[in-house]
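First comes the structure, then the notes that go with it.
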Protein chains: 2
Amino acid sequence: MPSSPIRKLVPYAEAAKKKGVKVFHLNIGQPDIETPAKALDAVRHFDFKVLEYSHSAGNESYRRKLVSYYQQVGIEVNYNQIIITTGGSEAILFGFMSCLDAGDEVIIPEPFYANYNGFAVAADITVRPVTSYIDQQFALPAASEFEKAINARTRAIVICNPNNPTGYLYSREEMETLKKICLKYDLYLFADEAYREFCYGGNHFSAMNLEGMDQHVVLMDTISKRYSACGGRIGALVTRNQLVLDTAMKFAQARLSPPSFAQILGEAAIDLPADYFDNTKAEYLKRRNILVSRLNAMPGVYCPNPGGAFYAIARLPIDDADKFCQWLLESFQYHNQTVMLAPATGFYGTPGLGKNEVRLAYVLNGEALHTAMDCLSQALLEYPGKTKS
Amino acid sequence: MPSSPIRKLVPYAEAAKKKGVKVFHLNIGQPDIETPAKALDAVRHFDFKVLEYSHSAGNESYRRKLVSYYQQVGIEVNYNQIIITTGGSEAILFGFMSCLDAGDEVIIPEPFYANYNGFAVAADITVRPVTSYIDQQFALPAASEFEKAINARTRAIVICNPNNPTGYLYSREEMETLKKICLKYDLYLFADEAYREFCYGGNHFSAMNLEGMDQHVVLMDTISKRYSACGGRIGALVTRNQLVLDTAMKFAQARLSPPSFAQILGEAAIDLPADYFDNTKAEYLKRRNILVSRLNAMPGVYCPNPGGAFYAIARLPIDDADKFCQWLLESFQYHNQTVMLAPATGFYGTPGLGKNEVRLAYVLNGEALHTAMDCLSQALLEYPGKTKS
């Protein structure tokens, strides 16, 4: 079981804080955006006296309400096609376990969300990466690259759109390419759309709207980022494939039920005014622009402009991202401040890739981002392992 | 993946309710005891504005507080030996995944909590049952029976004490027997002590207090039953084995964090007055006495007197418990009421066992229990598949 690349530097960050150094966290997708007060209030005002198990698929009232949410974003499903999960994490786990047997393989464009690896280990399946490249802004690799990776054990492709960690927003054409591959080789398409609300470079095209793919597409969703409600641990597995639903329900029943309190929050959040996302999106867009322009202004740094989510991957003039990120916490400070980044190596399945890349989550406000970029800029001057840019 | 035997009759219960029949639920361990108001209030009064991820091991403040809870029940651990999980379910899953490889085997005295099967499938391991018998009140099978079941792939024994589904409370001597086996064959001992607080026939002896077993014992715990907080989905994996902790932490990091709201509840509950459990225990004891005496007064019925938890298994004069439980919901009513039971077949790993046994959860108040027993008594007169008692 691999360590989380996002969290493994935590002890160094804790040590830095104990020394009195302020650490700007760009390493983890924990937004600082306030959870909508109305949704939090709904939890404050719960009126039950017994904190009971909910339905294993989640409260029916919540699932019915989610149908209207999905309708608003252009996805037609009924409430029986939704299983509420304990975070998007459990949706991924249930998807893997329901559709794949031990020894089966999934293809994922790399760099990819590192926890897919953890769930693959848990489900005893193999992840086969297909490389996307920073110089192509992390666009979808060519169909021929996927075909090279397909073998007799391949059962699925995982696509995270907009992408974590790259921020890349896949176009409708790219999604259609995936559809062709999935139909030709009879593969599932696992679609992680956790960042659906945060698209800046164009419209989001959901895998659920790929025609003729009802039996192939499994949507893995979460309210964590949508409503800045990461700690609630509420997600959803959504599919029109009845057999997958039936199998996932068995796993859902084995773990009894998803958390009750945050289901109340999720249900209430659907009634937020339509402009709720406009405000958060505008805020993230502002932050993205700060981050990307600051990064590209540093000598030897390249950061493609991400079309969605709140992540970017930057290439830095350094020898080794793991060493650099640890050094930032252990040996560097600028005005008693430093920055925590995620080495990109942990997001690649192919060993050796991403050694001079880091992932940055722009989850801090503009001022904090500027200060973090000041730190990074200074660090790149001081770092002993810097390379010629 | 097997269906949950406890939940698979749900559609029949829903159909009965739609016909206007009142269903007494003795099929599931959902207590009707109110969640302590003080603990619920702590959730109502949370004061954060961003519902953030917690630490992957759970809030440090909660883990530190849990140390004092465990101290109160005579278990010495430090807060680094506790990983907060999403319900006891996840503690079981993390335990299995951290200690066992695909293809490994665990031995569990049967009948056993059916969801162990689900987690075994999820972890790709094999459950080997060792039979305990209703005529011996479901006491621990002899050491020789365990030894017969041990082979080269055996890695662990799972013990649920007090037991779900039998209600049997294992004695210190029985726990020492398990210790000898585990040390002799170098096995883990997974101890599910979800019902620790509810012992009527003697004191609880925790597996954590088996001397010389620190590297073997993994405690799987939960607040679900302790505080009637099933929907919170908060449990804990506790062990003094550092390697198991390190591995479990990787799984914990992959799923990011346990639910935030109910951690607040769990932490607040530790400050409940010392007599809190006295009251709930007295209530369960009263219910147990009603249930067991009513059952044993029915012709052809035998129910051993359980020493703990809030379950009992009864032998009924019927041909087939699955048919009978379905018939109760589909074809029977008494004064427009019926009762939902769990067929014991689903709790046995050995096919064919438990065919004339049912599990009853005494999670309803005395009056409701009496009415449910009236229904069952009448049903046993009318059931077409009744056998000579």
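Among the residues of region A:257-281, how many are surrounded by fewer than 20 Cβ atoms within 10 Å (Cβ to Cβ) and among the small types (G, A, S)?
Number of matching residues: 1.
Output yes when any residue across region B:242-263 is under 30 Å from B:A139 (Cα atoms) and not small (G, A, S), and no when none is.
Looking for residues that are under 30 Å from B:A139 (Cα atoms) and not small (G, A, S), one finds at least one in region B:242-263, hence yes.
Being aliphatic (A, V, I, L, M) and in contact with a Cys (Cβ under 8 Å, 6 or more places away or on another chain) narrows it down to one residue among A:A236, A:A229, A:A194, A:A207; which is it?
A:A194
Condition (residue is surrounded by fewer than 24 Cβ atoms within 10 Å (Cβ to Cβ) and not in a helix (DSSP H, G or I)) applied to region A:282-293: is it met by at least one residue?
Checked region A:282-293: no residue is surrounded by fewer than 24 Cβ atoms within 10 Å (Cβ to Cβ) and not in a helix (DSSP H, G or I).
Return only the number of the condition from (1) farther than 25 Å from A:L9 by Cβ; (2) over 23 Å from the mean Cα position of the chain (by Cα) that A:I270 does not satisfy.
Unmet for A:I270, out of (1) farther than 25 Å from A:L9 by Cβ; (2) over 23 Å from the mean Cα position of the chain (by Cα): (2).
Which one of the conditions (1) assigned to a loop (DSSP other than H, G, I, E, B); (2) at pLDDT 95 or above does B:A274 fail to meet, given that it meets all the rest?
Result: B:A274 passes all but (2).
Can you name the residue in region B:135-155 that is under 18 Å from the mean Cα position of the chain (by Cα) and aliphatic (A, V, I, L, M) and, of all such residues, is surrounded by the fewest Cβ atoms within 10 Å (Cβ to Cβ)?
In this case the residue turns out to be B:A139.
Going by the conditions given, is A:V23 over 30 Å from B:R7 (Cβ atoms), of a type in the set (V, I, T) and touching a strand residue (DSSP E or B) at 6+ places or on another chain (Cβ under 6 Å)?
yes
Since B:F332 meets every condition but one in (1) in a helix (DSSP H, G or I); (2) free of Cβ contacts under 8 Å to residues at least 60 places away in the same chain; (3) hydrophobic (A, V, I, L, M, F, W, C), which condition does it not meet?
It fails just one condition, (1).
Of the numbered conditions (1) crowded, with 17+ Cβ neighbours inside 10 Å; (2) part of a helix (DSSP H, G or I), B:A314 satisfies every one except a single condition; which is it?
Only one criterion in (1) crowded, with 17+ Cβ neighbours inside 10 Å; (2) part of a helix (DSSP H, G or I) is unmet by B:A314, namely (2).
Among the residues of region A:254-277, which ones are more than 9 Å from every other protein chain (Cβ to nearest Cβ) and of a type in the set (D, E, K, R)?
A:E267, A:D271, A:D275 - these are the residues of region A:254-277 that are more than 9 Å from every other protein chain (Cβ to nearest Cβ) and of a type in the set (D, E, K, R).
I need a count of the residues in region B:113-152 that are in contact (Cβ under 8 Å) with a residue 24 or more places away in the chain, within 23 Å of A:M97 (Cα to Cα) and in a loop (DSSP other than H, G, I, E, B).
3
Could you run through region A:349-363 and say how many residues are touching a residue at least 60 places away in the same chain (Cβ under 8 Å), of a type outside the set (G, A, S) and surrounded by 22 or more Cβ atoms within 10 Å (Cβ to Cβ)?
Adding up the residues that qualify gives 5.
Looking at region B:241-253, is at least one residue at positive phi, at the interface with another protein chain (Cβ under 9 Å from one of its Cβ atoms) and not aromatic (F, W, Y)?
Within region B:241-253, none of the residues are at positive phi, at the interface with another protein chain (Cβ under 9 Å from one of its Cβ atoms) and not aromatic (F, W, Y).
Is region A:66-75 home to any residue that is in the same structural domain as A:S260 (by TED's automatic domain parsing) and under 26 Å from B:G235 (Cβ atoms)?
no
Count, please, the residues in region B:257-271 that happen to be in a loop (DSSP other than H, G, I, E, B) and touching a Ser or Thr at 6+ places or on another chain (Cβ under 8 Å).
4
Has region B:120-133 got at least one residue that is out of contact with any strand residue (DSSP E or B) (no Cβ under 6 Å at 6 or more places or on another chain), in the same structural domain as B:P162 (by TED's automatic domain parsing) and among the charged types (D, E, K, R)?
Yes: region B:120-133 contains one or more residues that are out of contact with any strand residue (DSSP E or B) (no Cβ under 6 Å at 6 or more places or on another chain), in the same structural domain as B:P162 (by TED's automatic domain parsing) and among the charged types (D, E, K, R).
How many residues are at positive phi and within 22 Å of the chain's Cα centre (by Cα) when one looks only at region B:334-389?
Counting residues in region B:334-389 that are at positive phi and within 22 Å of the chain's Cα centre (by Cα) gives 1.
Which one is farthest from A:A139 (Cα to Cα) among residues in region A:317-329 that are among the charged types (D, E, K, R) and outside any loop (DSSP other than H, G, I, E, B)?
A:K323
The values are calculated or read from the model by the stated rules, or taken from the named source; none is laboratory data. A quick note: this is a predicted structure, and the numbers were derived from the prediction, not measured. For neighbour counting, all protein chains shown are included, and Cβ atoms are generated from backbone atoms with ideal geometry for every residue, glycine included.
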